[in-house]
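Worksheet for the structure shown next.
Every read-out reported here was derived from the displayed coordinates using simple, explicitly stated rules and does not represent laboratory data. Treat the numbers as computed from the prediction; the structure is a model and nothing was measured. Don't worry about glycine lacking a Cβ; one is built from the backbone with ideal geometry, like all the others, and counts go over all protein chains shown.
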Amino acid sequence: MIRTGGAALVVALTVAPTLQAQVPDSLIASGVRAYRNLEFDVAAGFFTRALTLLGVADTARRTEALTYLGATEVYRQQADTAHAIFRRVVRLAPAHRIDRLIFPPEVTSVFDAARRATPAVAARLDREQRFRTGVGGFSAILYGSTFHQIRVELQRSDASAVRTLYAGPIADSVPTLWDGRATDGAVVPSGRYQLAIASLDSGGTAVRILRFPLEVVTTRQDTMPLPPAPEAELLPERKTTTGGLESLVGGLLVGVAVTALPSSIAPDASLSGGRFFVGGVIAVAGVVGFLTSRGDRTIPENIAVNDSLRGAWRAARDAAAAENERRRSAADVVVRVGAPQAIDREGS
Amino acid sequence: MTRNTAALLLFALTAAARPAWGQSGAVHLGAGQVRAEQVFSVGDTVARSGFAWSLDGAFGIGPATLAVRYLEGSLASDDTATETDLVEGEVILWFAPVRWAAVGAGPHVRAYVEEGGTERWTMWEVRARGTAQLTGAVTAYGELWTVLGSGLPVTGSLDRGLGLEGGLRIAFGRLPFSGQLRYRVNQLAVADGGRLETVEQLGIAVGIGRR
């Protein structure tokens with residue numbers, strides 16, 4: 001007994017949603033049959049009941065039911081009602097176009113008039129998008145109900161503008177791309193934003209705004225430290241000599257040796273005067289070196305080495321700074337898109 | 001300059017142009033005055049003088065440097081005006097433990113070439129050299145050496161063999177060229193007054209590289 005009751009409960013829970021979905025479908029099917037049989041009052045009843053039962057999110061079936069209901073009202077001589085119903089269709093699915101093989105011109109003309117009078121935009125976008133600034137972006141394709149002006153903005157949650165992504169006309173479709181940056185070029189911080197697509201009338205007033213809530217997560221790359229200045233590696237560029245002792249002593253010693261020692265090396269020979277000349281030149285060169293090497297002197301070799309070190313350091317520093325600038329200005333961005341919300345101006 | 005000299009010059013220049021052979025290298029071509037004085041046992045003295053070419057090369061790796069020298073000249077007797085060719089060659093291996101001092105050793109051969117024959121002196125020498133940097137471009141050096149072994153063309157043993165060379169080396173700025181001014185004297189005394197041989201050289205040289 002208990003087992004039978006349990007099985008019935010399972011069957012009821014499984015079948016009930018299916019039956020719920022089938023009821024609007026069967027009502028729409030019955031309405032279409034009545035419409036084709038020219039039983040427009042009956043058809044209107046089926047479509048009205050189906051619309052009452054359909055969920056708000058069931059855009060496709062609501063669009064179908066509303067379209068047939070509008071056509072039914074055309075044949076019921078309810079032109080204003082038909083126009084209003086078709087405007088609901090356009091707002092519901094701005095990219096929807098009536099099937100001209102199914103509906104005759106007297107219906108399609110009313111639908112077209114309603115479409116032209118109802119500027120609206122639908123958007124196709126992925127629910128989660130990831131990109132790196134400078135490489136990719138957050139993309140959306142917008143579809144217009146009719147030719148009109150639109151303004152696409154990234155806004156904060158308080159509706160203040162962060163960046164205008166597009167402002168201009170839309171006919172059939174317009175692609176948009178957001179690079180993750182605000183108007184000033186900075187990567188936006190993580191937070192909640194919204195993509196607001198405003199359809200404008202001829203006076204520039206927004207008659208309809210389609211909003212997608214966005215959750216934006218930006219992750220910046222770490223910067224690298226700048227290389228330290230090579231102060232510890234620099235060689236002394238000046239030296240203060242105390243008198244060029246090596247020049248003086250070395251020059252005099254060698255000069256005297258060249259002048260005097262030959263007599264000891266070759267005591268029995270009659271030597272030429274060449275040794276005096278060479279020895280004298282060496283001694284004089286030593287004195288000259290002594291005199292010119294005194295005081296504060298620069299060391300060109302060390303200066304060249306230091307210039308090379310400083311140049312290499314500057315190049316490394318500039319490269320690191322450029323890389324840091326690139327990293328600071330770049331970020332990995334994740335955008336998660338929430339359920340859209342459309343706001344129509346009253347009476348439009 | 002003989003064909004041998006030209007070949008040596010070509011070889012040395014080629015070697016100096018390839019620094020991969022060592023950390024330092026230099027080749028110098030020199031010219032100068034040579035005076036040779038020979039005192040014989042009988043008391044005769046023959047003095048000759050003339051002009052000579054020289055070719056020096058030095059190739060160093062770290063503290064070690066191999067220095068070679070070739071000299072060739074024609075000497076005329078002061079009295080008889082007869083000419084004698086003088087040819088010298090030496091190979092000294094230097095070791096410099098510090099920048100300003102080095103010691104070296106090697107053979108030194110001298111030959112007097114005359115129509116009657118060649119008189120060849122072979123000396124094995126040990127040398128010491130001191131160097132002083134006088135200015136950024138000028139270096140003074142002095143060498144002293146003594147002969148430890150010899151091969152003589154005369155009877156008797158070598159009683160004394162000493163030599164000295166001093167001079168200046170000048171680097172021409174940042175160019176790889178350098179020049180030298182040098183004076184050299186060398187005397188060999190054969191025991192028992194058998195022979196006294198003195199050679200004096202004064203010359204300049206220019207070349208590629210620096211020692």
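Side notes on the structure shown:
- Taking region B:190-205 and a reference point 7 angstrom along Cα→Cβ of B:A31, the backbone N atoms nearer than 14 Å belong to B:203-205.
- Positive dipole terminus of chain A, leading residue within A:V249, A:T63, A:L234 (C-beta point charges): A:T63
- Annotation for A:T298 and B:S157: the two label points, set 7 Å from Cα along the Cα-Cβ direction, are 6.3 nm apart.
- Rh by Kirkwood over Cα pairs, then Stokes-Einstein D for the protein assembly as shown at 1.306 mPa s and 10 °C, µm²/s: 46
- Computed from phi, the 3J(HN,Hα) profile of region A:298-309 under the Karplus parametrisation 6.51, -1.76, 1.60 (θ = phi - 60°) reads 7, 10, x, 4, 5, 4, 5, 4, 5, 4, 5, 5 Hz, with x in place of Gly and Pro.
- Angle between chain B longest axis and helix B:3-16 axis [Cα atoms, degrees, rounded to 10]: 20
- Simple Cβ-charge dipole of chain B, Lys/Arg +1 and Asp/Glu -1, about Cα centre, in debye nearest 20: 1320
- Scaled against the 2.2 N^0.38 Å expected of a compact globular protein of N residues, the Cα radius of gyration of region A:231-328 reads 1.98.
- Among B:M123, A:M224, the order by Cβ neighbours within 10 angstrom, fewest to most, reads A:M224, B:M123.
- Beyond 19 Å, the tail of the calculated P(r) for region A:168-274 holds 76 percent of the Cα pairs.
- Within the shell of other residues whose beta carbon sits under 15 angstrom from the beta carbon of A:S26, the net charge comes to 0, with Lys and Arg scored +1 and Asp and Glu -1.
- Gain in span if fully extended, A:L245 to A:R328, counting 0.36 nm per residue against the direct Cα distance: 24.1 nm
- With helices as the sole contributors, the protein assembly as shown gives -10500 deg cm²/dmol at 222 nm; each DSSP H run of n ≥ 4 counts as -39500 (n - 2.57), and the sum is divided by every residue.
- Euclidean distance between Cα centres, region A:72-116 to region B:157-172, Å: 119
- Dividing the mean sequence gap of close Cα pairs (under 8 Å, 6+ apart) by how many residues region A:215-321 holds gives a relative contact order of 46 percent.
- Packing around the peptides B:132-143, A:261-272, taken as the average count of other Cβ atoms within 10 Å per residue, puts them in this order, highest first: B:132-143, A:261-272.
- Whole-angstrom gap from region A:141-158 to region A:203-263, using each part's C-alpha centre: 54
- Cα shape, region A:35-95, gyration tensor, a/c 1.5 rule: oblate
- Rg to Rh quotient for chain B, alpha carbon positions, Kirkwood Rh: 0.98
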